[in-house]
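Visitor: My questions will all concern the structure given below.
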Amino acid sequence: MHRLIATVAVVLALSGCAGASKVMVGQARPAIDPAQVRLYTVVPVGSQEIAQIEASSAIGFGTQGQTDSAVTRLKAEAAALGANGVVLMGVGSSGSSGGGVSVGGGSWGSSSYGGVGIGIPTQQRKAVGMAIWVPPGAVPTMPESGPAAAPATDALPAPATPTRPR
């Protein structure tokens, strides 16, 4: 019975660690199916910002599955706000706890005891993005190029040739 209670407590603790949050910056729309939400790296022209959203995975060992879970939660949060797109701003780790091993022992009267504790490092993956509504036919904008982005056809100036005094 104690083992069952411990197992249920661990499952509840781990499932409770995953979550999502939002900061509204625009008007929400009617909820849609999360499968209709697309990920973007740049903001499409004509899109409307709805909310800045953040989602996290359950605690685990830093796997690709955790990253996928965080992004899936991000899309579900966007869909609940009626957003059909998310501009992905970043994915990272948090909540890492160090691992370690500890050993202890002692005695009381004629009895002695000992124990070993093992700490396993765990972490959560977090995804952050902007939930947006993208009108039909919108095209993502290209990232702005700086002054260093010159056309490939421009030739570099010829190096100056040193002159010798006569």
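Visitor: Of the residues A35, A9, which is at pLDDT 90 or above, of a type in the set (A, V, I, L, M), assigned to a helix (DSSP H, G or I) and out of contact with any Leu (no Cβ under 6 Å at 6 or more places or on another chain)? Give the derivation first.
Guide: Details: A9 fails: at pLDDT 90 or above.
Among A35, A9, only A35 is at pLDDT 90 or above, of a type in the set (A, V, I, L, M), assigned to a helix (DSSP H, G or I) and out of contact with any Leu (no Cβ under 6 Å at 6 or more places or on another chain).
Visitor: For A51, work out the one condition from (1) modelled with pLDDT under 90; (2) assigned to a strand (DSSP E or B); (3) of a type in the set (G, A, S) it doesn't fulfil.
Guide: Result: A51 passes all but (1).
Visitor: Modelled with pLDDT under 85 and at positive phi, is that true of G46? Show your work before the answer.
Guide: On the way: modelled with pLDDT under 85: no; at positive phi: yes.
For G46, the condition - modelled with pLDDT under 85 and at positive phi - is not met.
Visitor: Of all residues in the stretch 38-57 being crowded, with 19+ Cβ neighbours inside 10 Å and touching a helix residue (DSSP H, G or I) at 6+ places or on another chain (Cβ under 9 Å), which is farthest from M130 (Cα to Cα)?
Guide: S57
Visitor: Considering only the stretch 75-109, state which residues are part of a strand (DSSP E or B) and either at pLDDT 75 or above or surrounded by 12 or more Cβ atoms within 10 Å (Cβ to Cβ) (or both).
Guide: G85, V86, V87, L88, M89, G90, V91, G92, S93, W108
The values are calculated or read from the model by the stated rules, or taken from the named source; none is laboratory data. Note that the structure is predicted; figures quoted are calculated from it, not measured. When we count neighbours, we look across all protein chains shown, and the Cβ atoms used for this are built from the backbone with ideal geometry, even at glycine.
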